[in-house]
Structures are given as C-alpha cells and as structure tokens.
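The values are calculated or read from the model by the stated rules, or taken from the named source; none is laboratory data. Note that the structure is a prediction, hence the values are computed from the model and not measured. For neighbour counting, all protein chains shown are included, and Cβ atoms are generated from backbone atoms with ideal geometry for every residue, glycine included.
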Amino acid sequence: MLPSLEWILGPTKSGKKTLAQTISNRICAPTIHFKNWLHEQGLTHSDDDKKVHALIAVLARLREPRMILVDFPQNSYQAKLFVKNAVAPSNIFLLECNIDTCQERML
C-alpha cells in the first residue's frame, strides 16, 4: 500500500524546500526531492514511464504512512500516469514566485 502523498511544485527558489521541511516536521513525514532522487538513481535521462514506475516501486516498499514529494510531477503525463497506476495525492501545493524574487534568492 502506498503512503498518503503531498506534492510540492513550483519554480526554482520559490520556497519548495522550506515548505517541505515545515510540513515534514508537522506531520512527521519524510521527503523525496524528485530531481535529486532521479540523479541518485541514474534516471535523469530516462523516459517518463521509467521514472514514474521506479518511483511507485520505491514508495510501495516504504513503511511510512505519509510522504512528501518535491518537484514531482515534472509534467502532466507523469501526473496522470502516477495517479492511474498508484494513488492521487492528498494535497498539492503549487508555489508561485515572480522572476525578480527568484533572481534575488539565487544571489
């Protein structure tokens, strides 16, 4: 059985990591940063099907009741494929950040 999922999406420097840490602390849920996870698994250049099915396999092995996914899905195809083959997220947090703020945070 898959854990209850929270998806956090948004542009670079929009506060995804900060929000994930805050939610993680409040609900005692681990976090997977999807882009980092892809790199660690050697899946960065794989097709969307392989990425999504690999993620589902990992989540199915976890014993956690809740999980936070940051930067997942990366596109609508991944979202539809995940929901079709696994479970819909409990919550989706979509962060916005204007270009000036993002650039300022990068500095």
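The table that follows gives values for the structure above.
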item: Criterion violated by LYS51 - all others in (1) modelled with pLDDT under 95; (2) in contact with a helix residue (DSSP H, G or I) (Cβ under 9 Å, 6 or more places away or on another chain); (3) basic (Lys, Arg) satisfied; result: (1)
item: Qualifying positions in region 53-80 - over 14 Å from TRP7 (Cβ atoms) and not β-branched (Val, Ile, Thr); result: HIS53, ALA54, ALA57, ALA60, ARG61, LEU62, ARG63, GLU64, PRO65, TYR77
item: Cβ pairs under 7 Å, 6+ apart, first in region 10-25 and under 13 Å from GLU104 (Cβ atoms), second aliphatic (A, V, I, L, M) and crowded, with 17+ Cβ neighbours inside 10 Å; result: none
item: Checklist (1) assigned to a loop (DSSP other than H, G, I, E, B); (2) more than 14 Å from the chain's Cα centre (by Cα); (3) exposed (fewer than 14 other Cβ atoms within 10 Å of the Cβ) applied to THR12, failing item; result: (2)
item: Residue ID - nearest to ASP71 (Cα to Cα), chosen from residues in region 12-27 that are in contact with an Asp or Glu (Cβ under 9 Å, 6 or more places away or on another chain) and among the basic types (Lys, Arg); result: LYS16
item: Some residue of region 34-46 being crowded, with 17+ Cβ neighbours inside 10 Å and in contact with a strand residue (DSSP E or B) (Cβ under 8 Å, 6 or more places away or on another chain); result: yes
item: Positions within region 91-107 being modelled with pLDDT of 85 or more and surrounded by 12 or more Cβ atoms within 10 Å (Cβ to Cβ), in sequence order; result: ILE92, PHE93, LEU95
item: Test: residue in region 22-37 that is within 15 Å of the chain's Cα centre (by Cα) and assigned to a loop (DSSP other than H, G, I, E, B); result: yes
item: Answer residue from region 57-107, given it is in a helix (DSSP H, G or I) and among the acidic types (Asp, Glu) and is nearest to THR22 (Cα to Cα) among those; result: GLU104
